[in-house]
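Okay, so here's the structure we're looking at.
The values are calculated or read from the model by the stated rules, or taken from the named source; none is laboratory data. These figures come from a predicted structure and were not determined experimentally. Here the Cβ positions follow ideal geometry from the backbone for every residue, glycine too, while neighbour counts run over all protein chains shown.
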């Protein structure tokens, strides 16, 4: 669903009056790739990186100019992927943190999988730019994982009250903006978000893709969402 959501965002963000003015999109939809969080938390489990590299090389062979990966946890392997894929791989985490820095954000909440949290890839990128990374409490992090795995990945209705509790906690702890750092959360955001200010890494990836390969609609220059 995250891949579908990503493609829709690219189409929505593109300034185009005809089919022919839209950008070409080649898609490797590979649900068989081993779970990224599972491997990051336990390296004895199957490594997803070789499978992602294989998909990236296939996309390069059929003519892709760059690659966007609508899985944020997979960004933990970015350096390895870029080293082994012959075309640019967009780094959605670095683009997101740079965007927040440009907007003057000093404290950002990070909503992501346990694997992403454990690797510290958001915290490192944020801290490099002088932005404090705020993570959910252990109880709220469990809610985040349940929203991702038990709801969206399982194809079940979203337990909105859990998301509301997480967002309320993050606001109370001083998060000026909350990063939707997992594309299953992006799928939720397609329909609804709790109160707060959010930046969706999937929006950042789509915005970057359209800037590089198409024409971006002016209304998508600012992609921070505010829900009241």
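Some notes on this structure:
- Residue that is nearest to residue 205 (Cα to Cα), among those in region 93-131 that are surrounded by fewer than 19 Cβ atoms within 10 Å (Cβ to Cβ), in contact (Cβ under 8 Å) with a residue 40 or more places away in the chain and in contact with a helix residue (DSSP H, G or I) (Cβ under 7 Å, 6 or more places away or on another chain): 95
- Listed conditions (1) in a helix (DSSP H, G or I); (2) in contact with a strand residue (DSSP E or B) (Cβ under 9 Å, 6 or more places away or on another chain) are all met by residue 165, apart from (2).
- Within region 78-97, the residues that satisfy the criterion of being in a helix (DSSP H, G or I) and under 14 Å from the mean Cα position of the chain (by Cα) are 78, 92, 93, 94, 95, 96, 97.
- Counting the residues of region 184-225 that are within 17 Å of residue 102 (Cβ to Cβ) and assigned to a strand (DSSP E or B) gives 7.
- Within region 168-200, the set of residues being buried (at least 21 other Cβ atoms within 10 Å of the Cβ) and out of contact with any strand residue (DSSP E or B) (no Cβ under 9 Å at 6 or more places or on another chain) comprises 184, 187.
- Near pairs, Cβ below 9 angstrom, 6+ apart or cross-chain, from region 72-86 (more than 25 Å from residue 148 (Cα to Cα)) to any residue that is assigned to a loop (DSSP other than H, G, I, E, B): 82/88; 82/91
- Of the candidates 212, 203, the single residue that is modelled with pLDDT of 95 or more, buried (at least 16 other Cβ atoms within 10 Å of the Cβ) and out of contact with any helix residue (DSSP H, G or I) (no Cβ under 6 Å at 6 or more places or on another chain) is 203.
- Note on region 126-154: residues that are in a loop (DSSP other than H, G, I, E, B) and either within 19 Å of the chain's Cα centre (by Cα) or within 18 Å of residue 105 (Cβ to Cβ) (or both) total 7.
- Residue identified as farther than 17 Å from residue 114 by Cβ and in contact (Cβ under 8 Å) with a residue 60 or more places away in the chain among 202, 185, 193, 180: 202
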